[in-house]
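Asker: To start, I am sharing the structure in question, which I have written as structure tokens.
The values are calculated or read from the model by the stated rules, or taken from the named source; none is laboratory data. Given the structure is predicted, the values throughout are model-derived calculations rather than measurements. With ideal geometry, Cβ positions are generated from the backbone for all residues, glycine too; neighbour counts draw on all protein chains shown. These area figures cover heavy atoms from the full protein model, side chains too; ligands, DNA and RNA do not enter into them. Shrake-Rupley method; radii C 1.70, N 1.55, O 1.52, S 1.80 Å.
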Amino acid sequence: MNESEARPCARATARANFALVKYWGKRDAALNLPDVGSISITLDALWTETQLALDPSLERDRFELSGRHDARASARVSALLDRFRALSRRQVFARVTSANNFPTGAGLASSASGFAALVTAADRAFGLDLPPERRSELARLGSGSAARSIFGGFVEMHRGERVDGRDAIAEPLMDAARWPLQVVIAVSDRSQKAVGSTEGMVRTAETSPFYAGWVGNQPNDLEAARRAIQGRDFEALARVSEASALTMHGLAMSARPGLLYFNAATVECLHRVRQLRAAGHAVFFTVDAGPQVKAVCLPEASDAVAEALADVPGVRELVRSGLGAGADCGVFDRMDRPA
Ligand code: DP6
């Protein structure tokens, strides 16, 4: 162990989340302010663990993801840590290691859990002890969906109106324990997506003739989802969630050039989910900026859903999850090698 590894270290865990009412589009790219609100569920089986130690001997931040240096990710991490240096008035750099227990950049929300974990660890290491809504605001600067992973269970991200973004933050809607839904993820491609969400959103806003319609309709979908969640009305949540996912993808397809995140297995999984629901199983689908299909279901339906999706040609792996908690953090006397 070298000397720098022996410094106190904050170790945070944040879990991935998937939106049921989708975020797609920004009102301000520099502050990463969304053009639409969104509603998500936080999962317990997909997580990022981030360790962060302040080290006065460093002349710049050092970031490793899964044991490897990544220049592009490092720039985003350092930009966020600059905020913590400014807030704490401490010009000190950090050693940061991060590891996901799932593939990065394949539409499984790694930026969401990644930035939520980073902000939570930095908050502790810099001694700020910010309230969760402030951590949500800071996580949003890293990635819009990360603002939601600060919280567990059912979460709403607000579009906000302010130009400084102080109101573009997430808040918890309902605890996971009050409606313990399950998720079966059908993974058909583990590679990094060709067009990331950030670039895809910008292209869509600039070129789709339907963008204004998407933004204008979002309050209706948010209201329908809020009601469905409060009333634990699965059918209503299924309707609005599938509509939001398909509308987001239809919108992305209408960009020029069109964005196509589905593969053949994606489409087949969507049909299977609808067949299952027609046969009486409580399940619906959602899909993000990648080909993986996330089937959200009541616990009693999850075995039948897993069996049906495992059978779809092109599905390589299933990941099953319940709903999870918000980001949390502990302090340890030294850094560990990431798991
Ligand atoms: C399709 O949060 O990854 O998953 O703010 O540019 O980092 P940036 O985008 P990101 O986009 C998520 C898009 C989505 C839908 C969602 O999670 O709401």
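Asker: Apply the Karplus parameterisation 6.51 cos²θ - 1.76 cosθ + 1.60, with θ equal to phi minus 60°, to every residue of segment 305-315 and state each ³J(HN,Hα) to the nearest whole Hz, in sequence, with x for glycine and proline.
Answerer: 5, 4, 4, 5, 6, 4, 8, 6, x, x, 7
Asker: Measure off, as a whole percent, the carbon and sulfur share of the 1.4 Å-probe accessible area of segment 1-88, all protein chains present.
Answerer: Within segment 1-88, the accessible surface is 46 percent carbon and sulfur.
Asker: Let me ask something else about it. In Å², and per residue, what accessible area does the chain have when probed at 1.4 Å with the other protein chains present?
Answerer: 42
Asker: To the nearest 10 degrees, how steep is helix 132-142 against the longest Cα principal axis of the chain, on a 0 to 90 scale?
Answerer: Tilt relative to the chain: about 90 degrees.
Asker: So if I place +1 on the C-beta of Lys and Arg and -1 on the C-beta of Asp and Glu, and nothing else carries charge, what would the dipole magnitude of segment 236-308 be about its Cα centre? I want it in debye, nearest 20.
Answerer: Taking the Cα centre of segment 236-308 as origin, the dipole is about 280 debye.
Asker: First compute the accessible area of segment 89-155 with a 1.4 Å probe, then give the percent of it belonging to carbon and sulfur atoms.
Answerer: Heavy-atom surface of segment 89-155 belonging to carbon and sulfur, 1.4 Å probe: 45 percent.
Asker: Counting only protein heavy atoms and using a 1.4 Å probe, what share of the accessible area of segment 203-339 belongs to carbon plus sulfur, as a whole percent?
Answerer: Of all accessible area on segment 203-339, carbon and sulfur atoms account for 53 percent.
Asker: Something else: Show that you can apply the helix-only estimate: for the chain, add -39,500 (n - 2.57) for every DSSP H stretch of four or more residues, divide by all residues, and state [θ] at 222 nm to the nearest 500.
Answerer: Calculated mean residue ellipticity at 222 nm is -12000 deg cm²/dmol.
Asker: ALA279 to ALA6: extension gain in nm, 0.36 nm per residue of separation minus the Cα-Cα distance?
Answerer: Full-extension gain reported as 92.5 nm.
Asker: Follow-up. Within segment 247-339, list the trypsin sites (Lys or Arg not before Pro) lying in a DSSP loop whose Cβ has at most 12 other Cβ atoms in a 10 Å radius.
Answerer: Passing sites in segment 247-339 are ARG316.
Asker: A further question on this structure: Probe radius 1.4 Å, ligands and nucleic acids left out: which of CYS329, CYS269 has the largest accessible area, and how do the rest follow?
Answerer: CYS329, CYS269
Asker: Give me the one-decimal nm value for the distance between modelled label points at ARG90 and MET253, 7 Å along each residue's Cα-to-Cβ direction.
Answerer: If labels sit at ARG90 and MET253, their model points lie 5.1 nm apart.
Asker: On to the next question. Can you tell me the convex hull volume per residue for segment 115-220, based on C-alpha atoms, in Å³ to the nearest whole number?
Answerer: Convex hull volume per residue, Cα atoms: 169 Å³.
Asker: Stretched out fully, how many nm does the piece from ARG320 to GLU223 gain, at 0.36 nm a residue minus the Cα gap?
Answerer: Full extension of this stretch gives 32.1 nm more.
Asker: Using the beta-carbon distance between ARG334 and SER57 and R0 = 25 Å, what value does 1/(1 + (r/R0)^6) give for FRET efficiency, to the nearest 0.05?
Answerer: According to the calculation, E is roughly 0.95.
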